[in-house]
Amino acid sequence: MKIIFYKYHGTGNDFIIIDNRNLLFNCSDVNLVAKLCDRHFGIGADGLMLLQQKAGFDFEMIYFNSNGKQGSMCGNGGRCIVEFAHTLGLVGGTAKFMAADGCHEAIIKPGIISIKMSDVCEIELNSDYSFLNTGSPHYVKFIDNVNNYNVAEEGKKVRYNNRFISEGTNVNFIEKINNNLFVRTYERGVEGETNSCGTGVTAAALVAAIKDVSTAKDYCSINTLGGNLNVMFQKHADNSFTDIWLEGPAAFVFKGEIII
């Protein structure tokens with residue numbers, strides 16, 4: 001069968017997107033999804049997304065990690081699929097879509113997509129790291145000289161330690177440089193470092209706000225290997241967060257066809 005696919009990226013975090021409103025793509029085939037995401041034998045991507053119909057919503061986002069397994073929420077992927085839906089004419093200046101962690105809203109501006117992330121009610125604060133769920137689980141640690149840090153090696157140690165080996169976690173190493181946070185992320189499912197991670201950037205911004213090192217009390221500017229993102233939020237006295245928005249570019253790369 002021949003399928004049409006679209007390639008998008010959000011600050012270097014790249015995705016295959018398939019319009020699956022006709023439900024022709026067999027999303028239960030883990031090996032097929034992994035093969036399509038393979039950078040040597042397939043199209044190549046950090047993940048694959050299906051755009052499907054969902055009653056009461058503009059669309060539903062079904063996300064798969066590059067290992068072929070269905071994943072949790074992907075922030076950069078969410079921004080990219082909103083841009084794709086806009087290109088298809090499914091949404092205008094705003095959107096409402098369903099993802100693995102529930103309903104999300106989006107605002108579409110030329111070249112910039114903002115999506116509302118899930119509220120965060122609980123953050124585990126430890127002496128040398130924090131742990132929270134922003135739609136996906138994230139371990140967050142402040143370090144020095146993040147630019148030269150071996151994220152792949154050190155992130156793997158955390159992801160496969162006794163606590164996280166079963167369910168896995170994304171691992172974020174962050175440093176405040178000038179007035180921005182620099183965030184580097186090891187992603188579970190990819191099992192390596194990615195150029196950017198939307199839920200990871202969100203997690204880093206919230207932890208930075210608790211530690212009073214965010215750009216402002218309700219805003220944090222983030223630098224990643226793949227580009228710049230912004231996170232807006234409302235922080236409460238109990239260290240919970242609401243009205244969280246992830247903002248940044250979402251870019252079309254190319255369209256193609258492949259026989260599966």
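Read-outs: derived from the displayed coordinates by stated rules, not from any lab. Only a predicted model underlies this, so the values are computations on that prediction, with no experimental measurement involved. Positions of Cβ are backbone-derived with ideal geometry, glycine not excepted, and every protein chain shown enters the neighbour counts.
What's the magnitude of the charge dipole for the range 123-248 around its Cα centre, counting Lys and Arg as +1 and Asp and Glu as -1 at the beta-carbon? Answer in Debye, nearest 20. It would help to have the intermediate numbers written out before the result.
Numbers: 11 positive and 15 negative charges, 22 e Å.
For this selection, approximately 100 debye.
Give me the log10 of I(q) over I(0) for the range 123-248 at q = 0.10, 0.20, 0.21 Å⁻¹, as the Debye formula computes it from C-alpha points; what are the numbers?
-0.26, -1.10, -1.22
Tell me, what are the semi-axes, in whole angstrom and largest first, of the equivalent ellipsoid of the range 55-165 as set by the roots of 5 times the Cα gyration tensor eigenvalues?
31, 15, 15
Kirkwood Rh, the chain, all Cα pairs: how many Å?
Value: 18.3 Å, from the Cα pair sum.
Treating the beta-carbon of each Lys and Arg as +1 and of each Asp and Glu as -1, no other charges, what is the dipole magnitude of the range 165-225 about its Cα centre, to the nearest 20 debye?
Numbers: 5 positive and 7 negative charges, 39 e Å.
Computed charge dipole of the range 165-225: roughly 180 debye.
Normalised by the number of residues in the chain, what is the relative contact order in percent for Cα pairs under 8 Å and 6+ residues apart?
Reported relative contact order: 22 percent.
What FRET efficiency, computed as 1/(1 + (r/R0)^6) with R0 = 30 Å and r the Cβ-Cβ distance, is obtained for Tyr149 and Ala55, rounded to the nearest 0.05?
Working: r = 46 Å, r/R0 = 1.52.
Taking R0 as 30 Å, the efficiency between Tyr149 and Ala55 is 0.10.
Stokes-Einstein at 10 °C, 1.306 mPa s, Kirkwood radius from Cα pairs: D for the range 125-184 in µm² s⁻¹?
Translational diffusion coefficient: 131 µm²/s.
Express in nm, to one decimal, how much length is gained between Phe41 and Thr242 on full extension, taking 0.36 nm for each residue of separation and deducting their alpha carbon distance.
68.2 nm
For a quick check of your reading of the filter: which GluC sites (Glu not before Pro) in the range 163-260 sit in a DSSP loop and have no more than 10 other Cβ atoms within 10 Å?
Answer in residue order: Glu167.
Give the calculated FRET efficiency between Val30 and Leu88 to the nearest 0.05, with a Förster radius of 25 Å applied to their Cβ-Cβ distance.
So, using R0 = 25 Å, E works out to roughly 0.40.
Mark the label point 7 Å from the Cα of Ile4 along Cα→Cβ and return the residues of the range 222-260 whose backbone N is within less than 17 Å of it.
From the range 222-260, the list is 252-260.
Roughly how big is the chain's charge dipole about its Cα centre, with Cβ charges of +1 (Lys, Arg) and -1 (Asp, Glu), in debye to the nearest 20?
My answer is approximately 400 debye.
Once R0 is set to 30 Å, what does the formula 1/(1 + (r/R0)^6) return for the Cβ-Cβ distance between Ser166 and Ile260, expressed as a FRET efficiency to the nearest 0.05?
Calculated value: 0.45.
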